[in-house]
Structures are given as structure tokens and as C-alpha cells.
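The values are calculated or read from the model by the stated rules, or taken from the named source; none is laboratory data. Since the model is a prediction, treat every value here as computed from it, not as a measurement. Neighbour counts are summed over all protein chains in view; Cβ atoms, including those assigned to glycine, are modelled from backbone coordinates with ideal geometry. To get the accessible areas, we keep the full protein, side chains included, count just its heavy atoms, and leave off ligands, DNA and RNA. Shrake-Rupley method; radii C 1.70, N 1.55, O 1.52, S 1.80 Å.
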Amino acid sequence: IMPSLVGSEMCIRDRAEAADRQADRYGWRVLSVTALGVMLCFVNASTLNVVLPVVSHDLGSSSAQASWILLSYMLVTTALIPVCGRLADLFGRRRLYMGGLALLTGASVGCGLAPDTAWLLLFRCLQAVGAAAVITNTTALLTDAFSSRTLAFGLGLNSTLSATAQSFGPMLGGAVVSTLGWRAIFLLNLPLGLYALHRAHRTLKDVLPRQNEPFDVRGALLSMMALSGLVYGLSMAGPKGWSSPHCWLALALSVFCFSVFVAAQRRTRHPLIDLGLFADRERATAYACVLLICMAQTSSVLLVALVLQGVQGANAFHAGLSVAPVPVGMMLASPVAGRLMGRFSSLHLSATGLLFVMVGLCWLVWQLHAEVHTAMLGVGLLAIGLGTGLFLTANNSGIMGGVQAQRRGVANAIRSTLQNAGLVLGAALAMSIAIAGLAPDVQRAVYDGRLDQTTPEDVLQFLTGCRWAFAVLAALCLAGIGLCLSTHLACRRRGPSAATASIATNRHLTPPKRSKP
């Protein structure tokens, strides 16, 4: 009997390993497809961080219009990600992914041909709708495709690609603007988008959707109103002042809509956001910290680029190269994070990443002045890039690990929503702090890259505002570090089983069960 049992067990194990190898081959093909979509989405999100002065000056945009050229894409994307995540679980991920990619490609052509600021804002919003569908489905498609033994590495590589694309966007935008003009940034998306659609059509397999569940329309509207009010309130604080009724009414509307949204999600049978995903304290902490670190990362690139162009007179290409330490640091740190995930908990790695970002922001507060050398700014930006790369790989793995297949779309949608919310909230908050107190014509000079043509007092006030913005973001990172450490201590008090589960989550495995005697 024993030889037959051993042979049967070996046969089952061999079949399982063969199935894993087959799944991994498909997983790498899916990653080659989603990487194209991710790069299109995040490059379009971050390119204007550097080339905004060129676009604003060419179209004759006001300071408010220039701000919304940057914020509209991120706001609409963030507001629609939870909606698209729920739609993906209901109607199929492949279908929604390809539809979003087609819309993103077509709207990019509209942006490249836009005759004025109003048309550009319209097509930027359409771009964002497509990007939301792509971003939402990327991680869920990968989680469905990879086997458990390689899922952590695949997700970490996807997270690295998305963050690197977002960080390389300013450098790429500066190079294209300096040679072909700003419209070429959008028109180049056409051949890339068509190729990405072709690859997706030939590669992706669809997961059977759950079409018997209703869509939470009320939750979708409330979530979009809450986020829109928050971003509008923060963005208006700079041009209108922090005491402006526009600012506080929008923020109050946001708080009200968010409160009603949470209460409605608790009572809805099929909610837009599964609040049960926040029941686990470690996952809730990971969700909160990804918001904080993305606020810091995107704001540092935006403000440094505006300082270099507006104060020192650098062109877009030079400004893009100057912020390159951020993506370089992320590329260096992400593989290291992937190797450390089996040895340390995601909370340890997340806290370490936040510490690096906080140190980089404090360095920028210390070094920023009108004649600062780009190498000195690069030290702080490199620290921010290292911290972001270390954080995102571990954070993404910690959030998605242990989530059931039918909840992966929503789990990833929450992560993507908070990540993109960090981008838009960080940009709105940092710019409001940086330009607070400046006259309207000086604010427009900041967006047009012509601040060096104003008075020295205006330049000094803008630099002081940037230092205050960096200090506020550093304080947010410090709060994130405290949250990670307090959560880790709470897990340790629960006993060794919690620590074992945390390490297993990083490996995307379940903790081994003890055999009964």
C-alpha cells in the first residue's frame, strides 16, 4: 500500500508543478501585455509635470486652467477606478481592459489636435476614463494568470514598471517637447496604443464574470462626488486662498459625501467597495500608506521641475533629466524589495521606504534656494526614488496577498484608487501651499515657467512655499511610519501566528497548517 500511496502523491505533485509552469508561461505573456497599457497610462499622467509650462504658454491658459490640465486626468482616473474595478468583476476584465485601451488611444489623438484649453481638458478627461479601465484590470489580470509561487515577483515587477513609467514620464516629456513639440506627446500614443490593443486581443483570456449581481450606482456617484470635492477644495486653496468659501464648501461637501458613502456601503448587499477588505489591520495600514507615499513622490517631482524652469530658466528637457534620480532610485530599490519580502514583513519594508522618502523631502527643505545645483536636488530625489521603489513592491504584495479570486478586482481597485488619489491630492496640496499668497499674475508666471521675469521677492516667496510643501509631505510620511510601526506592534501582541501569516502573505502563500495527531 505504501509504495502506491507514495507514487500517487508524487504524480499529484508533478501534475501541480506542470500546471504551475503552464500558468507562469501565460502569466509572463499577460505581463508583456499589461506593461504596455501601464506605461501608456502612467506616462500620460506624469508627462505634464514637466511640460505644463510649455502647454500653458502655447494655449494661453489661465493659472486655474493650467492647474486643471494637470489635475483633470488624475482626478477622473482616481474617481473611476473603483467603478471600473466593480464593472470588471461583473462583466469581464479582458473586455473592460481592451475598451479602456481603445478609448485612451483615441482620446490621446484628440489631445494632440486640441485647438484650445477647453478641448484639451475634454480629451484629457476622456483619456482618464480609458486609463481607469486599464489600471484597474492590470493587477487583477496578473493575479489570475500567475501561479502562487511566482505571483509576488510578477506583481512586484508590474508595480515597478508602473512606478517607473510614472517617474520617467517627465524626462520623456521633456525630450519630446524639446524636439517635436508638446502635441507629439499625445500623438505618439496612437501607434503604441494600437500595438497594445493587438497584443491584448491575441493574448488575454477572460475570466467568467458575475453578471447576476447589480451595480451600485449610488455608491459610484457618492464616491466620485467625495473625491471631486476634496481635489477641488485643495486646488482652489492656492488661487483663492485657504479662507475662501470655494475651498471650505468643497471640502465640506467632500466630507459629507464620504460619510454617506461609507454608511451606504455598509448597508448595501452588493457594494461598490468591499469594506471587509479593511477589516484586516495590516491591509488597512497598507492602503493608508500608499496614499501618503504617492502624495510625496509626485509632488516632489512637480515642484522641483517648476523651480528649475521658473526660477533657474531651464528648458523642459533639462528639467526632465534633473528629476531622473526618482525613477533610477525606484529601479534600484524594487528588485531588492522583491528579495527581502520573504525575510521581512511588508510593514517593515513599508516603514523603511517611508523613512527614505521622508529623509529625501527633508533634504529638499534644507537645500532648496534660487541658485541650488541640480546635483544637490538629485540627492534628495534619489532618496525619494529609493524609498518609493522599496515601498511599492512590498505594499502591493501585502495588499493582494490572501485575497480571494472573486475579490481581487475590488481589492486592486481600492489600491489603485488610493495610489492615484495620492498623485492628485499631492499635486493639488503641494501647489496650493507653494503658490499661496502670490498674486494672480505671479501664479500664472509659475505655471508658464516665467517666474524669473518677476521680482526677487516673488521668487523668494515661491521657494518658501515649496519648502513648506516639502515639510508638510515629510510630516505625512512620518505619520505613515508611525502607523506601520504601531500596526506591527499590534500584530506581535496577537502572537507568533500573526507574524507567520504576515510573512506568508508577502510570499502570496497561506500559512502551513499543522497536521492533526
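Rolling a 1.4 Å probe over the protein chains gives ARG218 an accessible area of about 130 Å². Length gained on full extension, LEU478 to ARG149: 115.1 nm, using 0.36 nm per residue less the C-alpha separation.
Summary of packing: across the peptides 296-303, 363-370, the per-residue average of other C-beta atoms within 10 Å ranks them, highest first, as 296-303, 363-370. Which residues in the range 40-77 place their backbone N less than 11 Å from a point set 7 Å from the Cα of ALA118 along the Cα-to-Cβ direction? Correct set: none at all.
Ranked from the most accessible area to the least, with a 1.4 Å probe and all protein chains present, what is the order of ASP280, ASP448?
Ranking ASP280, ASP448 by accessible area, largest first, yields ASP280, ASP448.
The apolar share of the surface of the range 82-206, taken as the fraction of accessible area on carbon and sulfur atoms (1.4 Å probe, ligands and nucleic acids excluded), comes to 71 percent.
The stretch between ALA284 and THR455, if pulled fully straight at 0.36 nm per residue, gains 56.9 nm over its current Cα-Cα span.
Taking a point 7 Å from the Cα of ALA264 along the Cα-to-Cβ direction, the residues of the range 63-107 with backbone N closer than 17 Å to it are 79-87. Remark: the range 299-310, residue by residue, has Karplus-estimated 3J(HN,Hα) of 5, 5, 5, 4, 5, 5, 5, 5, 5, 5, 7, x Hz, where x stands for each Gly or Pro and the curve is 6.51 cos²θ - 1.76 cosθ + 1.60 at θ = phi - 60°. Each peptide in 456-468, 83-95, 40-52 was scored by the mean count of other Cβ atoms within 10 Å over its residues; highest first, the order is 40-52, 83-95, 456-468. Shown for the range 306-388: the carbon plus sulfur share of the solvent-accessible area, taken with all protein chains present and a 1.4 angstrom probe, equals 71%.
Extending 7 Å from Cα along the Cβ direction at ALA471 and again at VAL217 yields two label points whose distance is 5.0 nm. Shape annotation for the range 29-136: C-alpha extents along the principal axes are 43, 25, 20 Å, from largest to smallest. Summed over the residues of the range 82-190 and divided among them, the accessible surface reaches 30 Å² per residue at a probe radius of 1.4 Å. Here the Karplus relation 6.51 cos²θ - 1.76 cosθ + 1.60, evaluated at θ = phi - 60°, turns the backbone of the range 418-424 into coupling constants of 5, 5, 6, 4, x, 5, 6 Hz, with x for every Gly and Pro.
Using a simple spin-label model with pseudo-atoms 7 Å out from Cα toward Cβ, LYS205 and LEU489 lie 4.8 nm apart.
Here the extension length gained between TYR195 and GLN367 equals 57.5 nm, from 0.36 nm per residue of separation less the Cα-Cα distance.
Computed over protein heavy atoms with a 1.4 angstrom probe, the accessible surface ordering of ASP144, ASP441, largest first, is ASP441, ASP144.
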